[in-house]
Amino acid sequence: MKPSQAHKTENADPVEQHNPVPKVVLALVCGLLVWAVSYIAIERADGTAALGDRRDAAALAAPAGQGTVADGKQLFAANCQACHQAGGQGIPGVFPPLAASPWVNGEPDRLAQILLHGMTGPLDVLGTTYNGAMPAFGEQFSDAEIAALATHIRSQWGNHAAPVDAAQIAAARTASAAQKEPWHGGEALQAFIGGAGSAKP
């Protein structure tokens, strides 16, 4: 084969081409940047919240739990569901069930005190003794929020206990104002609430 024929069958060596970003894309990016800067400069923090959650300034300025309706279902999902599960069955041997629990369906003061101050130590629920720890919500939640949470728990998974209102939680909070630590075991809590005339769960 002659050199000239071999040369004709070979492909040309690759070369790097100059491929600039299309002008349309550059114009779009610049336009978005200009819009973003102008939006930040023009919009006011206290302007109309047409695209927000529609709360007015008074509701946003109110303390937690005031000016809005507490959502017990949402509070449960965010704070309780990981341990007690969405179906209220808990985790066997680890976290007690809320469904059919006498601590839930009995006197509302019991559940109120558990939510306010938390619980450690042995707790008998439906024939099984649990020895874990539950956090306190008394400082985190308002009376209305704890009432909404308690009401939700007492009305789900086959529970049909009466609802709890904020006044009951406020009374429970006042009655146990000296309690600075979680209740240690069900007997300690029952002794505080029941006294001589209360039935043990």
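The values are calculated or read from the model by the stated rules, or taken from the named source; none is laboratory data. What you see is a predicted model; the values in this text were computed from it and never measured. Glycine gets a Cβ as well: all are built from the backbone with ideal geometry, and neighbour counts include every protein chain shown.
Data table
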{"read-out": "Verdict on Gly197 being part of a loop (DSSP other than H, G, I, E, B), exposed (fewer than 14 other Cβ atoms within 10 Å of the Cβ), modelled with pLDDT under 95 and of a type outside the set (Lys, Arg)", "value": "yes"}
{"read-out": "Residue in region 147-159 that is farthest from Ile193 (Cα to Cα), counting only those that are crowded, with 19+ Cβ neighbours inside 10 Å and small (Gly, Ala, Ser)", "value": "Ala148"}
{"read-out": "Selection from region 128-159 of residues that are under 17 Å from Cys80 (Cα atoms), part of a loop (DSSP other than H, G, I, E, B) and of a type outside the set (S, T, N, Q)", "value": "Gly132, Pro135, Ala136, Phe137, Gly138, Glu139, Phe141, Arg154, Trp157"}
{"read-out": "Gly31 surrounded by 10 or more Cβ atoms within 10 Å (Cβ to Cβ), part of a helix (DSSP H, G or I) and either under 22 Å from the mean Cα position of the chain (by Cα) or at pLDDT 90 or above (or both)", "value": "yes"}
{"read-out": "In region 98-111, residue modelled with the lowest pLDDT [restricted to those that are surrounded by fewer than 21 Cβ atoms within 10 Å (Cβ to Cβ), assigned to a loop (DSSP other than H, G, I, E, B) and not acidic (Asp, Glu)]", "value": "Gly106"}
{"read-out": "Residue match in region 73-89 (condition: among the charged types (D, E, K, R), surrounded by fewer than 17 Cβ atoms within 10 Å (Cβ to Cβ) and over 18 Å from Gly186 (Cα atoms))", "value": "yes"}
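Okay, residues lined up against (1) assigned to a loop (DSSP other than H, G, I, E, B); (2) crowded, with 16+ Cβ neighbours inside 10 Å; (3) in contact with a strand residue (DSSP E or B) (Cβ under 7 Å, 6 or more places away or on another chain):
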| residue | (1), (2), (3) |
| --- | --- |
| Gln113 | no, yes, yes |
| Asp124 | no, yes, no |
| Ala161 | yes, yes, no |
| Ala171 | no, no, no |
| Lys180 | yes, no, no |
